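See below for the structure under consideration.
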Amino acid sequence: MSNQNPLNRNIETFLGCETEYEASRIVLYGAPFDSTTSYRPGTRFASRTMRAESYGLETYSPYQDMDLEDAKIFDGGDLELCFGDTPRALADIEKFARRVVEDHKLPFLLGGEHLVTLPAVKAVHAAYDDLCIIHFDAHTDLRDEYLGNPLSHATVIRRIWDLLGDGRIHQFGIRSGERAEWYWSREGHTHIQKFNFTGLQETIAALRGRPVYFTIDLDVLDPSCFPGTGTPEAGGVTFQELLRAALTVIRGCNIVGCDLVELSPPLDPSGASTATALKILREMLLCLEKPFLKPEQL
Ligand code: MN
Ligand code: MN
């Protein structure tokens with residue numbers, strides 16, 4: 001830009017998310033936390049890598065004919081989280097998300113590992129008592145503990161169930177978990193759609209009018225298009241399937257909080273996984289900007 005002030009401060013936000021906090025409806029924030037990752041860490045680098053790499057994207061979406069330059073999104077940057085003290089890190093995430101919710105804005109969290117979803121859901125649940133969850137993932141995440149630890153990315157959805165109770169958690173794309181987790185779910189505790197997004201429209205119809213927190217563990221994607229994640233699981237969905245499903249959820253539900261987690265940039269040096277996550281993020285942000293309940297636009 002030729003007319004740019006040469007003395008501007010160097011402030012990097014996610015592409016096109018430069019609106020001030022007060023004027024924004026959506027607040028993006030990063031939680032660079034991967035302390036409980038069971039296999040390969042690296043998700044702590046996701047939000048900052050996404051922010052830097054976002055400049056490789058266009059702000060314009062040919063999918064939705066919308067532009068991030070017109071969107072009102074505040075990028076709150078990455079939280080400074082205490083490594084080695086999981087409860088304290090989670091408390092700090094919850095505190096930030098509570099502030100956003102109390103200001104009647106939508107908190108959009110970038111992980112980090114999936115455990116960061118727990119404090120974000122707690123913050124939203126404090127304001128929305130009848131909260132429901134739509135959860136895309138390769139994994140059940142329903143263990144009661146992992147290696148003796150009740151707070152893990154393998155237990156996160158079980159901890160959310162502790163808060164919400166039976167029948168309020170809707171899981172899609174799931175293709176991995178301990179036998180005990182599957183059997184526990186079947187007792188009526190959560191709804192699991194194996195492998196794909198079949199039944200998504202029916203779920204959305206059933207949740208009409210209710211507040212929904214939408215959490216996407218990006219390992220729901222097939223590792224062939226998304227290798228940059230700590231626990232890759234073959235047999236996943238395609239980019240187009242995930243994009244379509246995510247936009248269907250956002251258009252059809254009353255979304256009051258959401259997140260994208262489990263991108264691990266160091267595990268895909270090609271950068272393709274980060275680029276894939278960014279495109280999903282751009283489309284979700286744009287879709288959240290428009291009025292809901294327009295399924296005919298899909
Ligand atoms: Mn997963
Ligand atoms: Mn997960």
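Residues that are open to solvent by 30 Å² or more (accessible area, probe 1.4 Å), assigned to a helix (DSSP H, G or I) and either touching a Lys or Arg at 6+ places or on another chain (Cβ under 9 Å) or not polar (S, T, N, Q) (or both) within the range 1-56 comprise ARG44, PHE45, ARG48, ALA52, GLU53, TYR55, GLY56, listed in sequence order. Just one of the listed residues (LYS105, LYS122) is in contact with a helix residue (DSSP H, G or I) (Cβ under 6 Å, 6 or more places away or on another chain), more than 20 Å from SER264 (Cα to Cα), more than 16 Å from ligand 1 (Cβ to nearest atom) and not aliphatic (A, V, I, L, M), namely LYS122. Per the listing THR117, THR86, the residue uniquely out of contact with any helix residue (DSSP H, G or I) (no Cβ under 7 Å at 6 or more places or on another chain), hydroxyl-bearing (Ser, Thr, Tyr) and in contact (Cβ under 8 Å) with a residue 60 or more places away in the chain is THR86. Candidates in the range 199-235 are the residues that are within 16 Å of ligand 2 (Cβ to nearest atom) and of a type in the set (S, T, N, Q); of these, the one that is nearest to the chain's Cα centre (by Cα) is THR215. Looking only at residues in the range 125-142 that are surrounded by 24 or more Cβ atoms within 10 Å (Cβ to Cβ) and charged (D, E, K, R), the one that is farthest from ligand 1 (Cβ to nearest atom) is ASP141. Just checking, which of GLU233, GLU283 is in contact (Cβ under 8 Å) with a residue 24 or more places away in the chain and more than 24 Å from ARG175 (Cα to Cα)? Selected residue: GLU283, the only one of GLU233, GLU283 that is in contact (Cβ under 8 Å) with a residue 24 or more places away in the chain and more than 24 Å from ARG175 (Cα to Cα). Of all the numbered requirements in (1) modelled with pLDDT of 95 or more; (2) closer than 15 Å to LEU285 by Cα, ALA31 misses one, and that requirement is (2).
The values are calculated or read from the model by the stated rules, or taken from the named source; none is laboratory data. Just so it is clear, the model here is predicted, and its values are computed rather than measured. All Cβ positions, glycine included, derive from the backbone under ideal geometry; neighbour counts span all protein chains shown. With ligands, DNA and RNA removed, areas are computed over all heavy atoms of the protein, side chains included. Shrake-Rupley method; radii C 1.70, N 1.55, O 1.52, S 1.80 Å.
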